[in-house]
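A.B. asks: My questions will all concern the structure given below.
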């Protein structure tokens, strides 16, 4: 018995399937239009992982409205990806998502409303992009598990952003300004990990390739690797802390690829 297929029909079916899938994803969002752009007004999905699209129907999605992802207990949201088309996130936009584990605010966002991530008690870390110049109050209030907030730019003006968050440390990058030893009532620490290639640690040791990473004591870091810089497909190898300002990191699978690139990122 021979199986015969029509490549044209198959291509049309695949295109129709992908279009249907895209429509199903976008149907979870309710949008408002404004001068040819879109704002997410509400979200009705129940997926644990959500990637907000950059555009739909040829229109860019540029804002997330007040209360858009505010959880009434039905979302079950754990992971959220916010694209760099977003410039504004409204008040309480992600409030009450009790399972949300982390948040990354892209550099494109210039407005972050008050209580934007309030009462997300499972959240352990957040990254704030360089576009934020001021915080509007209680941004991460009652995020009881929050350990680390990484800022990409200069210190913004702030109020009581970490109300009831007793274990948060704020981290900032070299070359940024207006930082002091505290931020919004929490410790602020320079996040400056660097590869050490001149201390004899860099190279092959006992079936592993490794090196020392040095920087401010006790800052959290993650080691990632990839085989192609253009793909952006980074694999996390280790997550650790720079105890006493130094740690030896290694890759036991370094022989699996002809080329291997490494970077240190915020965990």
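The values are calculated or read from the model by the stated rules, or taken from the named source; none is laboratory data. Predicted, not measured: the structure shown is a model, and the values here were computed from it. For neighbour counting, all protein chains shown are included, and Cβ atoms are generated from backbone atoms with ideal geometry for every residue, glycine included.
A.B. asks: Out of segment 179-188, which residues are touching a strand residue (DSSP E or B) at 6+ places or on another chain (Cβ under 9 Å) and either on the phi < 0 side of the Ramachandran plot or surrounded by fewer than 18 Cβ atoms within 10 Å (Cβ to Cβ) (or both)?
C.D. replies: Scanning segment 179-188 gives 179, 180, 181, 182, 183, 186, 187, 188.
A.B. asks: Taking segment 229-252 as the search range and keeping residues that are touching a strand residue (DSSP E or B) at 6+ places or on another chain (Cβ under 8 Å) and in a loop (DSSP other than H, G, I, E, B), which one is modelled with the lowest pLDDT?
C.D. replies: In this case the residue turns out to be 232.
A.B. asks: For segment 130-158, give me each residue that is touching a strand residue (DSSP E or B) at 6+ places or on another chain (Cβ under 9 Å), over 20 Å from residue 67 (Cα atoms) and part of a loop (DSSP other than H, G, I, E, B).
C.D. replies: 130, 131, 133, 146, 147, 152, 153, 154, 155, 156, 158
A.B. asks: Those residues that are assigned to a loop (DSSP other than H, G, I, E, B) and touching a strand residue (DSSP E or B) at 6+ places or on another chain (Cβ under 8 Å), I need them from segment 104-119; list them, please.
C.D. replies: If the condition is that a residue be assigned to a loop (DSSP other than H, G, I, E, B) and touching a strand residue (DSSP E or B) at 6+ places or on another chain (Cβ under 8 Å), then 109, 110, 113, 116, 117 are the ones that fit.
A.B. asks: So, one more: Step by step: first the residues of segment 148-177, then only those that are modelled with pLDDT of 95 or more and surrounded by fewer than 16 Cβ atoms within 10 Å (Cβ to Cβ), then the one that is nearest to residue 117 (Cα to Cα). Which residue is that?
C.D. replies: Among those residues, the one meeting the criterion is 157.
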